[in-house]
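For reference, the structure discussed in these notes is given below.
The values are calculated or read from the model by the stated rules, or taken from the named source; none is laboratory data. This structure is a prediction, so every number in the text was calculated from the model and none was measured. Ideal geometry is used to build each Cβ from the backbone, glycine not excepted, and the neighbour counts take in all protein chains shown. These accessible areas exclude ligands, DNA and RNA; they are computed on the full protein's heavy atoms, side chains included. Shrake-Rupley method; radii C 1.70, N 1.55, O 1.52, S 1.80 Å.
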Amino acid sequence: MKERHDPYISLRNPNFLWYVASLVALTLGTQIQATVVSWQVYALTKDPLSLGLVGLAEALPFIGAALYAGHIADRHDRKNLSLIALTVQAGCAVALVVLTIYSTRFLIGRVWPIYVVVCLSGLARSFFQPARTALGADIVPRETYANAVTWRSSLWQAAAVVGPAVGGMIYGFSGPRVAYIVEAILCGIAFALFARISYTRPPVVPNEAGIGENLTIGIRFLLTQPELLGAQLLDLFSVLFGGAAALLPIFAAEILGVGPQGLGVLRAAPAAGAVLISVVLIHRRISKAGPTMFLCVATFGLCWILFALSRSFWLSLVLLVISGMVDNVSVIIRSTLLTLRTPQHMLGRVSAVNQIFIGSSNEIGSFESGVAAKLLGTVRSVIFGGLVTLGVVGVTAWKIPPLRKLDQLD
């Protein structure tokens, strides 16, 4: 009960401080990369489908390796696995620096070298996510899980506010080369901070199951948890169709006319909203979690519909802030459910299944957005996606009553 009255209890844990500090540095770097890559690719191609292909290049290795990565995270040292993944991520940043310096050799008339680097980055993230998530549960007491998840999400979102804005500003005033150098430095800082975590690997639970059974145990566990499964499916389909962050360069360049600096602000707006709502959620518990999640996802879809219709930069900015607020509420509900209801020795494998859902909704959602924009036009594709999100909310609420009736997360 202590964590209900002490919203800062997790921050008094030195290992958790190193953990979230590393996460902030890495998030700043990867958000800079995402912003600069999207603008650079669109500047080279002027094709909305190319933006979707950026998401697909990251999603395929991210999802394809997820189950095996979760198995590795549960059977091997989670800290060492995370550090290896961070090293690969830093290497990707250095590769982007090299490609940009020698752009006349590598990037004239083609962008596939950028896709290759993004693909390697997605592979690194695939192994980092389940190891990091499971280690995050190892270093905090179980009774403070909900508080730790809220802080983790809040600080991640704070970094996601600053990262795109910084990336857009650096790109606009200094070009992509400097932006990628900053990303490489931040990845190095993330590695150094993560290495400071004092971590003793917990005893491995004896497991005589074959590799195939181990790879699918996370899926089989989720099938026994209707509230958790429903939350995953709701997130998957709503963001897959409802979010259109991959198309923001088109809105910034051609519809709102605000350039790369404005793109950075637009990309940061949802995270800014998430930070604002996190301040509230740190100090109070979420009640009626199921109905709250459905309301938030429906609001998320509506915000993107209105965003597509807006021709005002400031109105668009406000709508993105609201979308980030409601999206973060559903993220915290889903993440807390995942951490509290999953046995410790299975957390890597279940987190890997979770990252398949998240990777599908975000990265493949980016590809879907690019394809839809190519076929329907940018504005109509975003409106269509928002309407699909509203339909997903209705169907999920109808088909999964336990999630609709969920009250307290614990």
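For region 231-344, the dipole from Cβ point charges (+1 on Lys and Arg, -1 on Asp and Glu) about the Cα centre works out to 360 debye, to the nearest 20. Across q = 0.26, 0.30 Å⁻¹, region 270-312 modelled as identical point scatterers on its alpha-carbon atoms has Debye log10 I(q)/I(0) values of -1.02, -1.08, in the order of the q list. Annotation: Glu368 carries an accessible surface of approximately 40 Å², with a 1.4 Å probe and no ligand, DNA or RNA atoms counted. Rolling a 1.4 Å probe across the protein heavy atoms gives region 1-136 an accessible surface of 39 Å² per residue. Taking the inverse of the mean 1/r over every pair of distinct Cα atoms in region 1-117 gives a Kirkwood hydrodynamic radius of 17.0 Å. Counting Cα-Cα pairs of region 262-399 in 10 Å increments starting at 0 gives whole-percent bin shares of 11, 35, 38, 14, 2, 0. Restricting the calculation to Cα atoms, region 105-156 yields a radius of gyration followed by a Dmax of 17.6, 55 Å.
Put a plus charge on the Cβ of each Lys and Arg, a minus charge on the Cβ of each Asp and Glu, and nothing anywhere else: the dipole of the chain about its Cα centre is then about 240 debye. Between Leu234, Leu49, Leu107, the GNM of the chain built on Cα springs shorter than 10 angstrom shows Leu107 fluctuating the most. Computed from label points 7 Å out along Cα-Cβ, the spacing between Lys405 and Ser312 is 4.4 nm. A straight Cα-to-Cα reach below 26 Å connects Lys288 with the lysines Lys2, Lys399, Lys405, residues fewer than 8 places away in its own chain not being considered. Measuring nothing but alpha carbons in the chain and taking Rh as the Kirkwood radius, the Rg to Rh ratio lands at 0.95.
A probe of 1.4 angstrom, applied to the heavy atoms of all protein chains, finds Thr133 with accessible area near 20 square angstrom. Using 0.36 nm per residue and subtracting the Cα-Cα separation, the extra length available between Leu387 and Lys288 on full extension is 33.2 nm. Extension gain, Lys374-Thr200: 0.36 nm per intervening residue step, less the Cα-Cα distance, totals 57.6 nm. In terms of packing, defined here as the mean over residues of other Cβ atoms within 10 angstrom, the peptides 290-303, 76-89, 309-322 line up highest first as 290-303, 76-89, 309-322. Of the accessible area of the chain, computed with a 1.4 Å probe over protein heavy atoms only, carbon and sulfur atoms account for 68 percent. Estimated from helices alone, the mean residue ellipticity of the chain at 222 nm is -26500 deg cm²/dmol (sum of -39500 (n - 2.57) over DSSP H runs with n ≥ 4, per residue).
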